[in-house]
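The values are calculated or read from the model by the stated rules, or taken from the named source; none is laboratory data. From a predicted model like this one, the values you see are computed outputs, not experimental measurements. A quick note on method: Cβ atoms are made from the backbone with ideal geometry, for glycine too, and the neighbour counts reach across all protein chains shown.
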Ligand SMILES: [Zn+2]
């Protein structure tokens, strides 16, 4: 009885032909078949490593975020543009309204007080932006953290004016496509 040929064993390992009957009675050929099978496994594992990992979900998830970040940079450029408006807070602090107390009411007051304070702050417009942004540091435990972010975004939009309309429209659209742990776009903008 002759040993199985390498071709017969290879075809058997690859499932192209049934295992030769000879294997049952020959340890040498069984050992050789075992080595061929091990090599094949090795090749398959190497293949698996070379193939790109399934769908690239993370990358596609990051793409809209990158676009949103680019849009935000555009907004910031508009907001920081020198000229037209006085420095944030300057106009507000000259008025009768105590901006910081109004912000306190907006953040920590009851619903009615908060709503009224919000109207006041909105009337102050971009002038309330500085104190509002400062308030973030002083009100880490506010019962309305989202409200602050939302108002800041609204006032920034006002300040950006006509030139910012397109950018803010894009930002709000991103709110629908972004899914950063369900945080609202205003929180992302705030960040
Ligand atoms: Zn043999």
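Considering only the range 110-135, state which residues are touching a helix residue (DSSP H, G or I) at 6+ places or on another chain (Cβ under 8 Å) and at pLDDT 85 or above.
Passing the criteria: 113, 114, 116, 117, 118, 120, 121, 122.
Within the range 9-23, take every residue that is touching a residue at least 12 places away in the same chain (Cβ under 8 Å) and more than 10 Å from the ligand (Cβ to nearest atom) and give me the one that is nearest to the chain's Cα centre (by Cα).
That would be 14.
Where the second residue is surrounded by 14 or more Cβ atoms within 10 Å (Cβ to Cβ) and the first is outside the structural domain of residue 146 (by TED's automatic domain parsing) and lies in the range 109-124, which pairs have Cβ atoms under 9 Å and are six or more apart or on separate chains?
none
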